[in-house]
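> I have a structure I would like to understand better, so I am pasting it below and will then ask my questions one at a time.
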Amino acid sequence: MRKASVSFLPHCSRHRFKSLTGILSRGYISDASSSFPSSLVSSNHLKPCTKSNGLFYKNRQFQANASRNIDTLVEKAPQMSSRQRKAKEKIDLEEAFESAKTPEEMLRAFKNMESAYNETELGLASLKLGLKLDQEGEDPEKALSFAERALNALDKDGKPSLPVAMALQLLGSVNYSLKRFNDSLGYLSRANRMLGKLKEEGFSVEDVGPVLHAVQLAMANVKTAMGRREEALANLMNCLKIKEMTLGEDSLELGKANRDLAEAYVSVLNLKEGLPFCMKALDIHKKELGQNSVEVAHDRRLLGVIYTGLEEHEKALEQNKLSQKVLKNWGLSSDLLRAEIDAANMQIALGKYEEAINTLKDVVQQTDKESETRAVVFISMGKALCSQEKFADSKRCLEIACGILEKKERVSPLEVADAYSEISMQYESMNEFETAVSLLKRTLALLEKLPQEQHTEGSVSARLGWLLLLTGKVQQAIPYLESAAERLKESFGSKHFGIGYIINNLGAAYLELDRPQSAAQMFAVAKDIMDVSLGPHHADSIEACQNLAKAYDAMGSFALAVGFQQQVVDAWESHGPSARDELREAHRMLEQLKKKALGDNSNELPTKALPLPQASASGRR
């Protein structure tokens, strides 16, 4: 995802300055991580300012009649006064700055201007130069210095204006580049409030729309980097609404904005919510570009991801085949390889292991020996072989993948971290827990250096804590689980179903360490979250309620334990014949607890940690 970019939008009756068109802030977040939106309103949406007097809030003095009679030849041009000469020098300096194209040319021209203009007059030029430097992205500290100069010069009277909002957006952008996320969000929030005031004062959506879109998009990107992904979705929805108000119904930019929002929903596992936006993007791109466009292929690939997460694998495979056809026609070999790997994974999900292996054998022949793509192929090959219980062959594939990935840790830390996490899950499925734990620790070591991946770090910590708990290393598990809960609350909100699993496992750890009161508190929180996010009759919600009964049993609070165990019985009864075994066991436990409540202390019930959900929302029922 790229940075929100901004072009100056002149409002001639209020602000007399030349439009700073063509100056765009560079991309906020790379396409590899997450997958948020990148487009911005271009200078095509700016109104030309016919009354502009140049970059500065200062009227120029022109010599109206250099020669009074144009038919009369003069041997010598009239002498200019000192005031006229200074005015001409300023015009020449402005024109030199306006014609500069590269940052180096603009810096030289700006330096020449500093001797002729005061700091207030240089406000807009500072802003234009800051935007250009931010676009290039090579020297954020220098961009920051010009952004600060621009704000100091333009924000003299404290009144809201588009130039000040632009300067605040630039400060937000540069601070993001410097990973000063709190400072960035502070400037962007202030810009957002200022633009709201301008709208109240009568500015139209066309006036403030491009800048407001840039600010909202930037806020989404910063919040994503801070792990506050659920909040970022609201900003992305605002971006889409601005696009809908300012663009045509079937605009290509609107299609891209819908796909960007769908990707954002997918990144927080809200697949059902993302599906209609992806479908809307596909409809727009098919109508405007035709079935065989690259944009349509990208829409179909995302649709395949969504269907896979929803466990609608046949639909996913259908979209993948259509996408591959387009990519092949356009000769996009790297995209085509990724699509073929996706298809193999879909075949694995459908139990078509031999087909998947044959697909991957064809793909591996097209990859470089030490490429990350080759490593991904071997990971998928390992998954297919593991599903066939060919564990020795699976491990060989995974070892080849790890050998390639080790050499890529510095170059592509995020991609390698994702791959290590996937490999660890395969070792886990083969009951190779020590290897799985080792790989997850390597994953965390890479993610800790990437502050924008806080949500991923939280997910990996959660899985690592669960594995340690599963293998009896309870004391080691607790700090990982506690860290995961805190990080993921910030990313997904306190009521996300994934938080419920983590807190449930924390409760299991506390109970294992003979801390039943702490365990009961955790189980109560977990039950509350799961009741809200999954529903009280979901199997995992029932298990959380079961664990709560066990915790009260361990505390000797038998009456409370009986109450929660009765809820377990009632919930399993609602499942009908399909839950006959679970219901029988729930009744048995209820009878034991009733006996304890009457003074018969029978055997203590064991507590089972819930496994974490796989990396999709498909566990919701």
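> Just the accessible area per residue of region 87-226, please: how many Å² with a 1.4 Å probe? Let's see the in-between values first.
Numbers: 5500 Å² over 140 residues.
About 39 Å² of surface per residue is accessible.
> Let me cross-check Asp157: its accessible surface, 1.4 Å probe, with only protein heavy atoms counted, in Å² to the nearest 10?
Near enough 100 Å² of accessible area.
> I've got another one for you. Work out the FRET efficiency for His587 and Ser99 from their Cβ-Cβ distance, taking R0 = 60 Å, and round it to the nearest 0.05. Mind showing how you got there, number by number?
Details: r = 85 Å, r/R0 = 1.42.
That gives a FRET efficiency of 0.10.
> Which of the lysines could a cross-linker bridge to Lys111, judged by Cα under 21 Å and excluding same-chain residues fewer than eight apart?
Lys18, Lys58, Lys86, Lys88, Lys90, Lys101, Lys128, Lys132, Lys142
> 7 Å from Cα along Cα→Cβ at both Gln291 and Thr120: what's the point-to-point distance in nm?
It is 6.5 nm.
> To the nearest 0.05, how large is the calculated FRET efficiency for Glu434 and Ser518 if R₀ is 45 Å and r is the Cβ-Cβ distance? Intermediate results must be reported in sequence, preceding the final value.
Details: r = 28 Å, r/R0 = 0.63.
So the FRET efficiency works out to roughly 0.95.
> With a cap of 13 neighbouring Cβ atoms within 10 Å, and only residues DSSP puts in a loop, list the GluC sites (Glu not before Pro) found in region 163-216. Let's see the in-between values first.
Details: sites: Glu200, Glu201, Glu206; in loops: Glu201.
When the GluC sites (Glu not before Pro) of region 163-216 are filtered for loop state and at most 13 Cβ neighbours within 10 Å, Glu201 remain.
> Would you mind telling me the share, in percent, of accessible area of region 87-226 contributed by carbon and sulfur at probe 1.4 angstrom? Mind dumping the intermediate values first?
On the way: 2490 of 5500 Å².
In region 87-226, the share of accessible area belonging to carbon and sulfur is 45 percent.
The values are calculated or read from the model by the stated rules, or taken from the named source; none is laboratory data. In this text, all values refer to a predicted model and were calculated from it rather than measured experimentally. Positions of Cβ are generated from backbone atoms using ideal geometry, with glycine treated the same way; all protein chains shown enter the neighbour counts. Keep in mind that these areas ignore ligands, DNA and RNA; they rest on the heavy atoms of the full protein, side chains included. Shrake-Rupley method; radii C 1.70, N 1.55, O 1.52, S 1.80 Å.
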